[in-house]
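S.K.: The structure follows.
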Amino acid sequence: MLLAACGKEAEPLWLQGRADPLSQADAQRGRKVIERYGCVACHVIPGVRGPASSVGPPLAHMAARAYVGGVLPNTPDNLVRWLRDPPAADPRTAMPDMGLDAAEAKDVAAYLYTLD
Ligand code: HEC
């Protein structure tokens, strides 16, 4: 009963037995990074006001997506990798390198994972 009460069962699969790569990340800071970089020019992103662009896929349900950009399994490390340099993950992608640094990419990933 005590074990059941500690909440381990609710832990996402990718977190079990691993250090959380987003433990220092801040989702609200991430939302501001998204605003600053103008990601809504290409994506509809819940919680971020924008022009309803459909250049890139809507980023709703990012937490439930199996792949990032159709090429990387959707783990926090891979989402951060994608956000830092999409063409490095997929040379044919239309998403440009937005120039996010590591901390910004982690914050953005934390925000996107609130979208389930
Ligand atoms: C010039 C348009 C453009 C801009 C600006 C842009 N993206 Fe993208 N993004 C795309 C396209 C196109 C894709 C689809 C890429 C693919 O599947 O190869 C994509 C894919 C993604 C994905 C993967 C989505 C999925 O379903 O797998 C994420 C996450 C993402 N973008 C986040 C961002 C964030 C955060 C920003 C701002 C820092 C941003 N994008 C800026 C065009 C853009």
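S.K.: Summing +1 for each Lys or Arg and -1 for each Asp or Glu, what net charge is found among the other residues whose Cβ lies under 12 Å from the Cβ of residue 106?
M.R.: Computed value for this residue: -3.
S.K.: Ignoring any ligand, DNA or RNA, what whole percent of the accessible area of the range 24-112 comes from carbon and sulfur when the probe is 1.4 angstrom?
M.R.: Using a 1.4 Å probe with all protein chains present, the range 24-112 comes out at 55 percent carbon and sulfur.
S.K.: Viscosity 1.567 mPa s, temperature 4 °C: what is the translational diffusion coefficient of the range 24-112 from Stokes-Einstein with a Kirkwood Rh over Cα pairs, rounded to a whole number of µm²/s?
M.R.: Taking Rh from Cα pairs, D becomes 100 µm²/s.
S.K.: To continue, here is another question. Residue separation times 0.36 nm, minus the C-alpha to C-alpha distance between residue 77 and residue 101: what's the value?
M.R.: 7.3 nm
The values are calculated or read from the model by the stated rules, or taken from the named source; none is laboratory data. Keep in mind that this is a model prediction, so the values were computed, not measured. Cβ coordinates were reconstructed from backbone atoms using ideal geometry, including for glycine residues, and neighbour counts include every protein chain displayed. SASA here: full protein model, heavy atoms, side chains in, ligands and nucleic acids out. Shrake-Rupley method; radii C 1.70, N 1.55, O 1.52, S 1.80 Å.
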